[in-house]
Amino acid sequence: MTILKLPLPDDFHVHLRQGDPLTDYARDMSRQFGRILVMPNTEPALQSVETILAYKKAITSAAPSLEPLMTFKIHSGLSQADLLAFKEIGVVAGKYYPAGVTTNSEDGVSDFESVFPVIALMEKMNFVFSVHGEEPGVFCLDREAAFIPKIKTLAQKFPRLRIVFEHVSTAEAVQAVLELPPNVAATITAHHLTMTLDDVIGDSLRPHHFCKPILKLPADREAIRKAAFSGNPKFFFGSDSAPHAQAKKECAYGAAGIYSAPVLLPILVREFEREGALNKLDDFIAGYGADFYGIARPTKKIELIKKSWIVSNNIHGVVPLAAGETLEWSLL
Ligand code: DOR
Ligand code: ZN
């Protein structure tokens, strides 16, 4: 039996939700990851010390082995005192959501320049600026490309700000990240690495593959794959695992989000192995992200075994990525 030993990875983009489901989702993450960057699009959003600390406590109570790296949701009303207070409790990043682009982002930013003072403070105080890069109101396949000028503006105006272009889904975004200075990086998800729009609407409507930014064209996926397998430190793993109950996905106005958490490492190992790039996997899942965030690389290990298993059709009421499929790598 082939056994693969990997560093216990970091996931730099995760949604854990709230209440009872959070316990299950956090435990699913803790089986495969040591640290996770927790997204702030909860209700209420993570925008105060109290909500951030309470959320962090809920995560660590549910999954004590998991280290949550906390974020806040950016809005124009944040003051220097607010940001200092976030710094004091160890928050690492602020997340920029354009208004209305995804789940719980109705209260996102509608006036780009209105948050420049907050971003200037973030640069000064060394917070990472994490951004959902899609332009609201634009045709859905063009939203990400339409947002790139804003990323360029930020990179130019705030040259010391560390910017993460989250879940890149287009060749244009990959190219922009390659061309921008080293303070601009990107996360790549398992679903954008493996699927295209065909997997959402090609043959039948597959609501469990519906996510934001929506899966794109084969050429986009190729550019994303090339970036992930290249060993360029600007590209690292962030799953955007985003569980929604089955009924919230299988209805007239389905929620965006793919629950990839239960299958992430088996899928990543499969993809890197297929490309003959297994020697690049450690840095992608447990190196470049930590370096970019300025934290130590993981020291713990995790093992996988080449033994096939069938992914469950429903995990805690959610249909996961690769439901019903056979995966060749299992967690040991
Ligand atoms: O598909 C997505 N789901 N994309 C996001 O950006 C947010 C996420 C969610 O929270 O459901
Ligand atoms: Zn997300």
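Observations on the structure shown:
- Matching residues in region 171-194 - criterion: being surrounded by fewer than 21 Cβ atoms within 10 Å (Cβ to Cβ) and away from ligand 2 (no atom under 16 Å from the Cβ): Ala171, Glu172, Gln175, Leu178, Glu179, Leu180, Pro181, Pro182, Asn183, Thr194
- Restricting attention to region 106-137, the residues that are of a type in the set (Ser, Thr, Tyr) and modelled with pLDDT under 95 add up to 1.
- Test: residue in region 139-162 that is closer than 30 Å to Ala54 by Cβ and either buried (at least 18 other Cβ atoms within 10 Å of the Cβ) or charged (D, E, K, R) (or both): yes
- Count of region 218-256 residues which are touching a residue at least 60 places away in the same chain (Cβ under 8 Å) and either within 14 Å of ligand 2 (Cβ to nearest atom) or closer than 20 Å to Arg143 by Cβ (or both): 10
- Residues that are buried (at least 20 other Cβ atoms within 10 Å of the Cβ), touching a helix residue (DSSP H, G or I) at 6+ places or on another chain (Cβ under 8 Å) and in a loop (DSSP other than H, G, I, E, B), drawn from region 208-233: Cys211, Pro213, Leu215, Lys216
- Per-region count, region 14-49, residues in a loop (DSSP other than H, G, I, E, B), more than 17 Å from Ile74 (Cβ to Cβ), away from ligand 2 (no atom under 13 Å from the Cβ) and in contact with a helix residue (DSSP H, G or I) (Cβ under 7 Å, 6 or more places away or on another chain): 1
- Here Ala26, Ala63 are screened, and the one residue that is crowded, with 20+ Cβ neighbours inside 10 Å, within 16 Å of ligand 1 (Cβ to nearest atom) and of a type in the set (Gly, Ala, Ser) is Ala26.
- Residue, farthest from ligand 1 (Cβ to nearest atom), within region 234-254, restricted to residues that are part of a loop (DSSP other than H, G, I, E, B) and surrounded by 19 or more Cβ atoms within 10 Å (Cβ to Cβ): Lys234
- Residue that is farthest from Ile188 (Cα to Cα) [pool: residues in region 130-146 that are touching a residue at least 40 places away in the same chain (Cβ under 8 Å) and within 15 Å of ligand 2 (Cβ to nearest atom)]: Arg143
- Taken together, the residues in region 186-208 that are over 14 Å from Ser169 (Cα atoms) and in contact (Cβ under 8 Å) with a residue 40 or more places away in the chain amount to 2.
- Hits in region 110-135 - residues which are within 19 Å of the chain's Cα centre (by Cα) and either aromatic (Phe, Trp, Tyr) or within 16 Å of ligand 1 (Cβ to nearest atom) (or both): Phe127, Phe129, Ser130, Val131, His132, Gly133, Glu134, Glu135
- Answer residue from region 70-116, given it is within 15 Å of ligand 2 (Cβ to nearest atom) and on the phi > 0 side of the Ramachandran plot and is surrounded by the most Cβ atoms within 10 Å (Cβ to Cβ) among those: Asn104
The values are calculated or read from the model by the stated rules, or taken from the named source; none is laboratory data. What you see is a predicted model, and the numbers here were worked out from it, not measured in a lab. Here the Cβ is made from the backbone with ideal geometry for all residues, glycine too, and neighbour counts use every protein chain on show.
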